[in-house]
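So the structure is just underneath, and the comments pick up after that.
The values are calculated or read from the model by the stated rules, or taken from the named source; none is laboratory data. All values reported here derive from a predicted model rather than from experimental measurement. Backbone-built Cβ (ideal geometry, glycine too); neighbour counts: all protein chains shown. Accessible surface is based on the protein model in full, side chains and every heavy atom, while ligands, DNA and RNA are left aside. Shrake-Rupley method; radii C 1.70, N 1.55, O 1.52, S 1.80 Å.
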Number of protein chains: 2
Amino acid sequence: MSESEKVAASPMKATVSRRSAIGMMAGGAAAGVVGARIGQSSSTSGNYEDIIDARGFTGNWAEGALKSFVPPGEFDPYFIFASGGHSGQMFVLGCPSMRLLKAIPVFTREAWQGYGFGSDQSESVLREGFDPSKSEPLGWGDTHHPALSETEGDYDGRWLYINDRANGRIAMIDLADFKTKQIIDLPNLGTSHGGCFVTPNSEYVHISSMTPSPYLAPGGYAPLSDYAKYYRGASCWMAIDQETGRIDMDRSFQIELPPYTQDLADAGKLSSFGFGFINSYNTEMAIGGDLEDPKKALESTAIANDFDFLHVIDWQKAEQVVADGKTEDMNGIRMIRLDVAVAEGVLHFVPEPRNPHGVDVNPTGDYMVVSGKLDPHASVFSIEKIKAAIAAEDYDGTDDFGVPILKMESCLEALVELGNGPLHTQFDGDGNAYTSLFVDSAVAKWTLGPKAGVGEGKTWTKVDHLPVNYNIGHLCSAEGDTVNPDGKYLIALNKWSIDRFPPVGTLHPQNFQLIDLDGDKMSVLADMPIGFGEPHYTQMIKADKLVHTLRVYEPGTDPLTMSKSRFATDPGDARIDVNGTNVDVFATVMRSHFTPDVVEVNLGDTVRFHLTNIETTPDATHGFAIPGYNVESSIDPGEVVSIEVKATRPGAFAMYCSEFCSALHLEMQGWFLVKP
Amino acid sequence: MSESEKVAASPMKATVSRRSAIGMMAGGAAAGVVGARIGQSSSTSGNYEDIIDARGFTGNWAEGALKSFVPPGEFDPYFIFASGGHSGQMFVLGCPSMRLLKAIPVFTREAWQGYGFGSDQSESVLREGFDPSKSEPLGWGDTHHPALSETEGDYDGRWLYINDRANGRIAMIDLADFKTKQIIDLPNLGTSHGGCFVTPNSEYVHISSMTPSPYLAPGGYAPLSDYAKYYRGASCWMAIDQETGRIDMDRSFQIELPPYTQDLADAGKLSSFGFGFINSYNTEMAIGGDLEDPKKALESTAIANDFDFLHVIDWQKAEQVVADGKTEDMNGIRMIRLDVAVAEGVLHFVPEPRNPHGVDVNPTGDYMVVSGKLDPHASVFSIEKIKAAIAAEDYDGTDDFGVPILKMESCLEALVELGNGPLHTQFDGDGNAYTSLFVDSAVAKWTLGPKAGVGEGKTWTKVDHLPVNYNIGHLCSAEGDTVNPDGKYLIALNKWSIDRFPPVGTLHPQNFQLIDLDGDKMSVLADMPIGFGEPHYTQMIKADKLVHTLRVYEPGTDPLTMSKSRFATDPGDARIDVNGTNVDVFATVMRSHFTPDVVEVNLGDTVRFHLTNIETTPDATHGFAIPGYNVESSIDPGEVVSIEVKATRPGAFAMYCSEFCSALHLEMQGWFLVKP
């Protein structure tokens, strides 16, 4: 029987046929109202009013229902890629339905997808994802700022990058199969916050340190009393391999930064192409530590200065410095030392109101919007002015580490009063900006000045104010940080939900609020509780840009290489090779059978299962679980998964398919027998 | 400053005030349409039609939108508690919005909630959750069948139980705080499937083996050739402590079962109170193992017999047998051996069509509905007839293990033709049953006969058929397995989604379809992709039954004991106690400070952090993360969390609050310094 015949003979066939039948039935149903969209018929319209009435909808609730609903079987026009905060994962939602389509495991093990429960593929990503010279074995991360790959400043749907704020790491996810393919533990970074962002053609993905690390100290350790001397930050420019999306350490470099707390960052684009921008706070270098005097608490002393520094980095100059060999090896990566960065014009500072949070470059690249949470204004800096100030050496001295400080007034284009606690800004295609107001729990809509490329004659003015519930952090409009934003929808990433959802215990969900940007006035359409992580930032991409996404692998694919696995097993070739205490099981997997399905080994053997899912039907995924042995793997159609098991415990273990696959799914089991 | 003053002085105050302001604004907005619900105004109604038109809604899509939407700030009337399959977790959704409110970690570590990343509380649950004499350290589970606690056969909103199908375990979740409090690794169980169900007053939570284990063999191991001799199943009656909801091993017992594959199970209620029912398949005792001959594959040989056996267990008789001491200790639990169970009338068999899946007891307890996936009928058995047959010893001989087989025709009430691949059945309050049809990808609605307590004069008839997309497994109606079901909504737990959602990689989501049960004809309202696990079964409970759920802990609570922690630290009592190489850090945690915030220790020290969140405001949760040390914990308001860290690695680690808490959240950090 050929493979296609087997598939045809499988129980799925009934389902697929049934599907066609359903399609026909649905068509039939639709034909019943042919010529009249529901809602155009007054009697049906009456039904809606009855439902609205029966459900007690007031205000614009029915509008929220109709605008956010995505009908059964229909697709959302946008994907939202949201970080999962200290869950360590990434979430994929549809917009406007706000339905959670997938949770992608990144830094934390996840059993449904078999990520970190035995498969060589996932174990190697996780194992290579921490540097034993730097960390204990790590089992989680704190994902903050996703960055979709870009071409000419637009999302291109190829890859996704995400930082681990906790441990100074970065991961790459392939949007071909929505799987994590690489984690890099960055040398010289303790925590990280500044990024990820990608440069406009995905030349680099950037990440910078949050708190500094004592990497300059002998032996890598220094007490806090030597903070200014030995602790340093780092700006990391991680080169992207254009074929695989992976980070190429050999072409990557770091730039040493003063021991401030570097915060959010963004890439220049179009008129600011070639630059990167990083906010900072705690330029006071406060370290806390006084138990008795609350005035010396870090959150008090770190806000003493009126101004912190926007870091302006010329990464094209940095590339030349690296090419010229003016770097030092710093724990395995080339680093441009601070004095070199200053001497070569790679790094400049611009004063920014104290303790800022977001820096966001507008679509034309002309403006850098900095929001200081302790200042009610957005400070808008101009790249034209910054370039001119650099050229003119229009300095206001240097900081303690010799970095030249450009005069703030020479770089500032506008101060726009927005409200209390402005944090982050996104854009639409009509020259409008949207800034989250953390303290006000609101979104401010405002117009950009004339150089924003649209809305000629507009001024720097707040035009709308929408309360949200509650404590908004980041926000995200459709493609709102690209050169070509859609606007349309805005997601408010609210940090508290308090009483917005029914009680589900002492830990409350966060709240994604969906906001309608059509029309002059913003309005809240729907709430989406997020009770499985704390997303910090999201990006929203047109769904039809994900042209590289597979529904099924080519037969025999190793997802780590995306090429044919050397362990791929054809139907009929299933076998068990025994070589002393090494047992290799070459298994085929299809509805409803593992071949072989009985594997008998001796205590102490090393058993390697190589499992090839020989199905070609999309969604014909099988699981592979061994009770008592902590083995769980997901094998998608066409995929090859290898798992090594040390037979350390005698017994009869009923291995089985853990993903419901067919009417005979329960019978899809076998025995892993470890003889005493 | 008092604690309440501190809270008042915190940045949250602004938010709370803002909340009131928003409330007023919302009120104002509502006042704008006073006297006229939207939808009653023709001009507004016109707006709806415009939206419906603009969005291209056809068929009953707008109705789906309006019926499934839960407006911002409003609550769903029902909670759905869904197993997460091989994710190892539980999911809480609202119905009808289908929004995921929370993922509760159970068998798998989860970082957002700090479950298994250092806290003593979670580590002890996970550590005690596997028996090292039985398993390798386990990091995942396969959750299948949640069971809410009951009083008089109705959900009472106190506790939740869930089985681990992979490793033969059971977990208990406290609905006071939605946290996992106990995991039991059950002796003599390899895999498990039959349960969880609770008896009508939560006397017991039941679970039974799926595949048998060789627990009768000397040393606990036997080859498959000794399957019939040494392998056995077990029905586990785990006694519930009525104060804590925990399983009391000392009052629990098992019943030995033949080495069939025991499948789904249910508890009797009302007229069948005191009984438990377990399906079985593979009474052929097929073991697979033939690489050459597909006819000998387990999924073929395990379906040879025309009938398998419904196990009927009299658990009140079993209690008496246990009280009489007629048990053996079997690896740490009292077991009623098979011969005793037979002799004492604890266990009877009833033939059921081959390879059945679900057994579901109707609300009045009169009928046991068995669905055989290889038979298009539901087989309805009568408890009255079963009791009579037992009393009359109306046997058709015994099986190979001596268990008396009641005559099928003496116990059968009805055979109802439903469609292809019937699996599971739920009920409403009007005498209707709803059965999933896996092969047909449909739901059958049918009427129960006259003894169902409602619908006098109804006959055993299929009355409606609704296609779903695709391959439905379990289904769930509101309170649909209690003595008092609501019906109203039905969730179809579809195993495949194929093309229902946009591509999110080679592993596709499952699909929860929301079905409207109002009216005679069922209709699909909405699809909800489930891309974070594979739920098998759910229970749906009225949200207002969760009266025990806390929004905030009493100050100083240890969630494991739900009483005052001996490590609770009052404001002002924060300190570091050093005793040789043991360092105890008694810390208070509140916006925006850890006190103390600098902890300097020596390499090799054992450091115990005792963190008391001294906030009393709901949702004022803080995280506690130590970079490089794999420590991440969530500390809810009032909660005390203890974490032990071995200082094995020198360095300066910027510990921080990982849950965004206030405008100065980023400044809520400190230093964990490990001196070389």
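A few remarks follow.
- Here the spin labels are modelled as points 7 Å beyond Cα on the Cα-Cβ line, and at residue A:328 and residue A:343 they lie 1.2 nm apart.
- Per-residue surface analysis assigns residue B:399 an accessible area of about 10 Å², computed on protein heavy atoms at 1.4 Å probe radius.
- Note on region A:398-544: with charges restricted to the Cβ of Lys and Arg (+1) and Asp and Glu (-1), its dipole about the Cα centre is near 160 debye.
- For residue A:218, net neighbour charge (Lys/Arg +1, Asp/Glu -1) across residues whose Cβ lies under 13 Å away: 0
- Sorted largest first, extent of region A:395-511 alpha carbons per principal axis (Å): 55, 41, 23
- Extreme residue, positive dipole direction of the protein assembly as shown, given options B:141, B:129, B:155 (C-beta unit charges): B:155
- Buried accessible surface for the A/B pair, both sides summed and rounded to the nearest 100, is 16600 Å² with a 1.4 Å probe.
- Inter-copy separations for residue B:329, label at 7 Å along Cα-Cβ, nm, ascending: 6.3
- For region B:557-675, the mean projected area of the C-alpha convex hull, equal to one quarter of the hull surface, is 6.9 nm².
- Amide N proximity, region B:659-676 versus residue B:576 label position 7 Å along Cα-to-Cβ, cut-off under 15 Å: B:670-676
- Alpha-carbon centroids, region A:48-85 and region A:158-212: separation in whole Å: 34 Å
- Straight Cα distances below 18 angstrom link residue B:445 to the lysines B:373, B:458, B:462, B:488, B:521, with same-chain residues fewer than 8 positions distant left out.
- Tensor-based shape of region A:290-400 (alpha-carbon gyration tensor, a/c under 1.5 rounded, otherwise prolate or oblate): oblate
- Note on residue B:407 and residue B:387: the model spin-label points, each 7 Å out from Cα along the C-beta direction, lie 2.1 nm apart.
- The distance from the alpha carbon centre of region B:631-676 to that of region B:428-503 is 49 Å, rounded to a whole number.
- Extreme residue, positive dipole direction of chain A, given options A:669, A:213, A:95 (C-beta unit charges): A:669
- Sorted shortest first, the distances from the residue B:224 label point to those of the same residue in the other copies are 6.3 nm; each point sits 7 Å from Cα along Cα-to-Cβ.
- When the C-alpha to C-alpha distance is required to be over 28 Å, the pairs from B:296/B:387; A:675/B:495; B:385/B:495; A:295/B:646; A:134/B:181; A:179/A:542 that qualify are B:296/B:387; A:675/B:495; B:385/B:495; A:295/B:646; A:134/B:181.
- Protein accessible area in the protein assembly as shown, 1.4 Å probe - carbon and sulfur %: 50 percent
- Overall dimensions of chain B, expressed as equivalent-ellipsoid semi-axes from the Cα gyration tensor (√(5λ), whole Å, largest first), are 45, 36, 22.
- Taking the charge dipole of region A:557-675 about its Cα centre, with +1 at Lys and Arg Cβ atoms and -1 at Asp and Glu Cβ atoms, the residue from A:581, A:625, A:642 reaching farthest to the positive side is A:581.
- Two-decimal log10 I(q)/I(0) for the protein assembly as shown, as the Debye equation yields it once each C-alpha is a single scatterer, q = 0.05, 0.07, 0.09 Å⁻¹: -0.36, -0.72, -1.18
- Nearest residue to the symmetry axis between B and A, taken on chain B by its Cβ, in whole Å: B:65, 2
- Put a plus charge on the Cβ of each Lys and Arg, a minus charge on the Cβ of each Asp and Glu, and nothing anywhere else: the dipole of chain B about its Cα centre is then about 1360 debye.
- Separation of region B:387-417 and region B:99-137, taken as the distance between their Cα centroids, equals 43 angstrom.
- Of the DSSP H helices in chain B, those whose Cα atoms cover at least 20 Å axially and whose Kyte score averages 1.0 or more: none
- Pairwise FRET efficiency - residue B:295 versus residue A:217, Cβ, R0 = 45 Å, nearest 0.05: 0.05
- Model label sites at residue A:250 and residue A:602, defined 7 Å from Cα along the beta-carbon direction, differ in position by 4.4 nm.
- Over chain B, Cα pairs under 8 Å with separation of 6+ residues give a relative contact order of 10 percent.
- Label zone at residue A:320 (point 7 Å along Cα-to-Cβ), backbone N below 20 Å, region A:245-267: A:252-256
- Nm distances between copies for residue A:573, ranked from closest, using label points 7 Å along Cα→Cβ: 6.8
- In chain A the longest region clear of GluC sites (Glu not before Pro) that are loop-assigned by DSSP and have at most 15 other C-beta atoms within 10 Å covers A:457-676.
- Solvent-accessible area per residue for the protein assembly as shown (1.4 angstrom probe, square angstrom): 30 Å²
- Here the protein assembly as shown is treated with +1 on each Lys and Arg Cβ and -1 on each Asp and Glu Cβ, and its dipole about the Cα centre works out to around 380 debye.
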